[in-house]
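Visitor: My questions will all concern the structure given below.
Read-outs throughout are calculated quantities, based only on the coordinates presented, and are distinct from any laboratory measurement. Nothing here was measured: the structure is a model prediction, and the numbers come from that model. Every residue, glycine among them, receives a Cβ derived from its backbone with ideal geometry; neighbour counts consider all protein chains shown.
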Amino acid sequence: MATSILITGGAGYIGSHALVEFLAAGYRPIVVDNFCNSSPDVLRRVEALTGFPVVWHRGDVRDEGMLNAVFSQARQEGMPIDCVVHFAGLKAVGESVAQPLDYYDNNVHGSVVLLRAMDRAQVKRIVFSSSATVYGEPLSLPYTESHPLAPANPYGRTKAMVEAVLADWCASDAARTAVNLRYFNPIGAHPSGKIGESPRGTPNNLFPYITQVAVGKRAKLSVFGNDYPTSDGTGVRDYLHVSDLAMGHVKAVEYASRVAPGCFAFNLGTGRGTSVLELIRTFETATGRPVPYEILARRPGDVAQMWADPTAAHEKLGWWASRSIEDMCRDGWRWQSQNPDGYAECPTI
Ligand code: NAD
Ligand code: UFG
């Protein structure tokens with residue numbers, strides 16, 4: 001019988017790609033999403049893509065009554081939820097500086113409410129969407145999981161706080177397991193071109209900005225700084241294909257079910273850094289689309305460079321990223337060119 005897992009935020013960019021991988025791996029995912037940054041149309045596309053029905057509930061993770069009902073229903077159906085994969089949250093660094101309470105409320109309070117509902121339902125395993133941003137300014141590179149945590153903005157602090165909450169939650173019951181996945185920079189889209197990243201308004205992140213310039217929605221890209229101490233002066237990040245990242249969640253759920261209980265953290269990245277200009281050039285070559293750009297001043301709060309040491313994920317989870325930057329560009333472009341307005345063009349169900 002298929003194992004039921006609860007996926008919070010399963011209609012979002014990373015959650016929807018993870019949903020595809022969980023369905024393909026034979027799980028029975030149940031999505032809870034309030035659609036504050038997504039649409040139910042995403043779930044319909046996942047159904048079309050995979051050929052599996054998707055069970056979903058419109059709801060907020062801060063609504064404990066709703067969560068209790070979701071856990072109870074799965075139990076009554078004879079397929080109790082075994083593990084939670086917790087993507088739901090807010091993720092814009094700049095917005096977190098302007099509206100910190102929204103971030104502490106959604107990301108930290110929301111996670112605490114979710115854990116209470118899990119306790120009530122006797123669910124002992126969780127996989128959490130953390131972020132490389134918990135490390136802050138790199139003292140050494142690549143970041144290993146033992147690098148001190150010193151997040152530099154409210155968003156990053158919410159992630160570090162939830163990791164601390166999860167450590168205490170695990171310490172208080174010897175049967176509990178939490179797996180914190182510290183993502184580096186996910187980009188691209190499912191190779192089908194049916195699901196992808198669909199930011200509302202002006203993209204905050206580099207890759208969706210590049211694809212929107214390439215498709216003609218924006219005139220040119222602003223490159224934030226070319227005077228960093230990097231090979232070409234532009235910022236360096238560890239970009240990984242969102243489908244590789246999605247697969248990391250399947251591996252993490254498997255790990256949580258076989259490892260002795262406890263609280264764990266894993267970097268999910270490729271271990272390779274790519275500069276802004278390298279990414280632009282690779283995109284242009286892989287897709288044949290020009291990406292006009294101009295060099296502007298540095299963006300406040302950016303680090304010059306960061307990349308992961310993914311050895312622990314490789315050794316313990318059996319996970320590694322296999323897709324290249326070219327793959328990320330080609331797949332991201334397929335999504336953007338086939339869906340110039342993202343999910344906005346789909347009729348709402
Ligand atoms: P996303 O905004 O596309 O997805 C988040 C989903 O959660 C959305 O569908 C949104 O509607 C939902 N949601 C938000 N608050 C909710 C709430 N209170 N209750 C129920 N649903 C809620 O973001 P994403 O890029 O898919 O990121 C997923 C997770 O990964 C987030 O926790 C994010 O902080 C983390 N993360 C993302 C990145 C990245 O670069 N995208 C990097 C590191 C970590
Ligand atoms: N950049 C530009 N122009 C843009 C956007 C970004 O030049 O329009 C540059 C940035 O200065 C940086 C690089 O592109 O050097 C990557 O920037 P992103 O905004 O795409 O990614 P960040 O590494 O700044 O942050 C992202 C997420 C965070 C997350 C972090 C680590 O936004 O939430 O990755 O996972 F914490």
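Visitor: Okay, helix-only estimate at 222 nm for the chain: each DSSP H run of n ≥ 4 adds -39500 (n - 2.57), divide by all residues, round to 500 deg cm²/dmol; what do you get? Before the final figure, lay out each step's value.
Guide: Numbers: 11 runs with 126 residues, N = 349.
That calculation yields -11000 deg cm²/dmol at 222 nm.
Visitor: Of Val162, Trp56, Phe283, which is farthest along the charge dipole of the chain in the positive direction, counting Lys and Arg as +1 and Asp and Glu as -1 at C-beta?
Guide: So the residue we want is Trp56.
Visitor: Moving on to the next point. What is the packing order of peptides 130-137, 162-169, 4-11, 199-206, taking the mean over residues of other C-beta atoms within 10 Å and listing the highest first?
Guide: Details: 130-137: 22.0, 162-169: 18.2, 4-11: 27.2, 199-206: 13.6.
The densest-packed peptide leads the list: 4-11, 130-137, 162-169, 199-206.
Visitor: Something else about it: Beta carbons within 10 angstrom, averaged per residue: use that to sort the peptides 252-260, 184-192, highest first.
Guide: Values: 252-260: 16.8, 184-192: 23.2.
In decreasing order of mean packing, 252-260, 184-192 become 184-192, 252-260.
Visitor: Follow-up question, since we're still on this one. What is the set of long-range amide H partners of Val236 at a cut-off below 5 Å, with H atoms built 1.01 Å from backbone N?
Guide: The list, which skips near neighbours in sequence, is Gln305, Met306.
Visitor: From the Cα gyration tensor of the range 1-106, with a ≥ b ≥ c the square roots of its eigenvalues, which class applies: rounded if a/c is under 1.5, or else prolate if a/b is larger than b/c, or else oblate? Before the final figure, lay out the partial values.
Guide: Values: a/c = 2.34, a/b = 1.45, b/c = 1.61.
It is oblate, given that a/c is not under 1.5 and a/b is not larger than b/c.
Visitor: So, with +1 on the Cβ of K and R and -1 on the Cβ of D and E, and no other charges, what is the size of the charge dipole of the chain about its Cα centre, to the nearest 20 debye? Don't skip to the end; give the middle numbers.
Guide: On the way: 32 positive and 35 negative charges, 68 e Å.
Value, rounded to 20: 320 debye.
Visitor: Compute the helix-to-body angle for 13-24: its Cα long axis versus the longest principal axis of the chain, expressed 0 to 90° and rounded to tens.
Guide: On a 0 to 90 degree scale, this one is about 60.
Visitor: Along the charge dipole of the range 218-286, pointing to its positive end and built from +1/-1 on Cβ of Lys, Arg, Asp and Glu, which listed residue (Tyr239, Gly273, Ala260) has its Cα farthest out?
Guide: Ala260
Visitor: Highest mean first, how do 84-90, 330-336, 25-31, 293-299 rank when packing is the count of other Cβ atoms within 10 Å averaged over residues? Don't skip to the end; give the middle numbers.
Guide: Working: 84-90: 25.6, 330-336: 22.9, 25-31: 20.6, 293-299: 12.9.
Top of the packing list down: 84-90, 330-336, 25-31, 293-299.
Visitor: Now for a different question. For the chain, what is the relative contact order in percent, using Cα pairs closer than 8 Å and at least 6 residues apart in sequence? Mind showing how you got there, number by number?
Guide: Details: 708 pairs, mean separation 68.1, N = 349.
Once normalised by length, the contact order is 20 percent.
Visitor: Could I ask something else about it? Between the alpha-carbon centers of the range 82-105 and the range 175-214, tell me the distance in whole angstrom.
Guide: The two parts, judged by their Cα centres, are 15 Å apart.
Visitor: What is the spin-label model distance, in nm, from Ser322 to Ser222 if the labels are put 7 Å beyond Cα along the C-beta direction?
Guide: Placing both labels 7 Å beyond Cα along the Cβ direction yields 4.0 nm.
Visitor: What do you get for the angle between helix 41-50 and the principal long axis of the chain? Use alpha-carbon atoms, 0 to 90 degrees, nearest ten.
Guide: For 41-50 against the chain, the angle is about 80 degrees.
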